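The values are calculated or read from the model by the stated rules, or taken from the named source; none is laboratory data. On a predicted model such as this, the values are computed, not experimentally measured, just so you know. Cβ placement follows ideal geometry from the backbone for every residue including glycine, while neighbour counts extend to all protein chains displayed. Ligands, DNA and RNA are stripped out before the accessible areas are found, and what is left, the full protein with its side chains, is counted by its heavy atoms. Shrake-Rupley method; radii C 1.70, N 1.55, O 1.52, S 1.80 Å.
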Amino acid sequence: MMTIVSSTRSFLKNEDGVTAIEYGLIAALIAVAVIAVVTTIGTRLNVAFQSICTKLNNNTACT
């Protein structure tokens, strides 16, 4: 009976898995930030290229 209680306490005090979870959360946060930045830059580039295309084609819409 004491070995079960001792093993359970040892398992609950073990913090090795916590580090892996923290690294996973950090990686996920970085991925979300990169996706947000790339999406914003992509949208702005699209607007800029559409504007250039429209000006080059005498205000004719570009596809």
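General remarks:
- For the stretch 1-21, the condition holds for no residue, the condition being that it is acidic (D, E), without any contact (Cβ under 8 Å) to a residue 40 or more places away in the chain, surrounded by 10 or more Cβ atoms within 10 Å (Cβ to Cβ) and out of contact with any helix residue (DSSP H, G or I) (no Cβ under 9 Å at 6 or more places or on another chain).
- Residues in the stretch 29-45 that are open to solvent by 70 Å² or more (accessible area, probe 1.4 Å) and aliphatic (A, V, I, L, M): L29, I30, V32, V34, I35, V37, V38, I41, L45.
- Odd one out for I26 among (1) modelled with pLDDT under 90; (2) open to solvent by 80 Å² or more (accessible area, probe 1.4 Å); (3) not polar (S, T, N, Q): (1)
- Under the condition of being surrounded by 10 or more Cβ atoms within 10 Å (Cβ to Cβ) and among the β-branched types (V, I, T), the residues counted in the stretch 48-63 number 2.
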